[in-house]
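To start, the structure itself, in structure tokens.
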Amino acid sequence: MSKEVHKVSGGVATSAAGRGAGRFRRSVLGLSALLLALAGGTGVSHADAKDPGEIRFSVTTATSDGPDKRRIFDFVAEPGEQIQDQVAVSNHGASPVTFTMVANDGLFTPMGKFDIRTSDQEPQDSGGWFEVQPTVDVPAGETVVVPFTITVPEGATPGDHPAGIVATITSASTAAGPGVGVESRVGVRVNLRVPGEVAPSLALTDVRATYEPSWNPFAPGSVRVAYDVTNDGNLRVGAEQQAHVTGPFGIGDTVIDRGTEGVEELIPGTSRSTALAVAGIWPVGPVTTEVTVTPAPVSTGGAVDVPVEAPLEPVTVTVTTWAIPWVQILLLAAAAVLVIGLRDNRKRKKQRLEALLAKARAEGRAAAGSGDGDRAPSGASAPSATVPETSAAGSTDRGDVSVGPDAPSSGA
């Protein structure tokens, strides 16, 4: 029978610090759809007309007498040691249900939520150390305590080995077609630590810094820093993070303390990608980004919170990126084009004005030459100049000769 989500809702899970919080997970595995709620959860599967009814159930920590107040299981066990405990499976529906019991290795989703391997994956670590009955029949409205045993192998390595134990149920559904069903699972997280030489350790990989300019040329931009944090030790830890960004000569020197934001808990052998933005960085050339992560203890309030004497060593990676003032360059280029354009425009106006003046002068000269030609046409005799006469006494006449019959004669 193929399996597909018809409708699934309800559930309780454990946060990275072990606090209970309601959540649901629907993941597709091949043709399977699963619901997992860890740390004593409640699952609900709504059936169609061919199903016996609504299936509601929960799984919690328990004593032999019934559910207790623990949120998760916290165990410390030496290699070769056995642990015996119980979970309580409660059927909140109106019909009896047969549940399948499954244990598997713990993991974290990319969103930082605790989960376990899906049912088609074989355990690779502590999920294979469990012994639990394969199924349990739970009458309607009742709770059944299911014992389980964990046997720590002789060769178990020191450190944390997270796991989970769940109850699952597959309900028939024809809403999505014949032979389609919904598999729901609800369970409890198991924290298991093997004593010995422990090494809380983190590694920084794929550290990237990218400058993001502001489109306001008079405002600083920001540096986006992305990196991967890997738990390469053998204890589950969080990651205290710090980013230090500075430009040339200390310009825009900024320090961001993130605490464990985005990396609240990492179990051994897992990684988490995270990013942050550092504002107030001016584009003045090379920008240096220094990222530091330090392992941080993770508390769930249980037995695995025993003091660890191992040092929590920080890890630092430095990268450099160029903050080029492209916006400012474009602004200066636009201003330069504007200035050159204005200068050229003034030059062209001056040239046009000079050309107009030259043309006007030429036209004026041409007009003046044309007027002289009209007064003295070609071939006409020009009037002769009057030369003053010299008197007999040798004096020269001043030329103020009066014309007319009454003009006085010059004296002898």
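By the gyration tensor of its Cα atoms, with a ≥ b ≥ c the square roots of the eigenvalues, what is the shape of region 66-198: rounded for a/c under 1.5, prolate for a/b over b/c, or oblate?
Prolate, because a/c is 1.5 or more and a/b exceeds b/c.
With Cβ to Cβ distances under 15 Å as the rule, what net charge do the other residues near Gly247 carry (K, R +1; D, E -1)?
-3
In the assembled protein chains, Lys113 presents an accessible area of approximately 100 Å² (probe radius 1.4 Å). The figure for Thr63 is an accessible area of roughly 60 square angstrom, using a 1.4 Å probe on the protein chains alone. When Rg and the Kirkwood Rh are both derived from Cα coordinates, the Rg/Rh ratio for region 165-300 amounts to 1.21.
The values are calculated or read from the model by the stated rules, or taken from the named source; none is laboratory data. In this text, all values refer to a predicted model and were calculated from it rather than measured experimentally. Cβ atoms come from the backbone with ideal geometry, glycine included; neighbour counts cover every protein chain shown. These area figures cover heavy atoms from the full protein model, side chains too; ligands, DNA and RNA do not enter into them. Shrake-Rupley method; radii C 1.70, N 1.55, O 1.52, S 1.80 Å.
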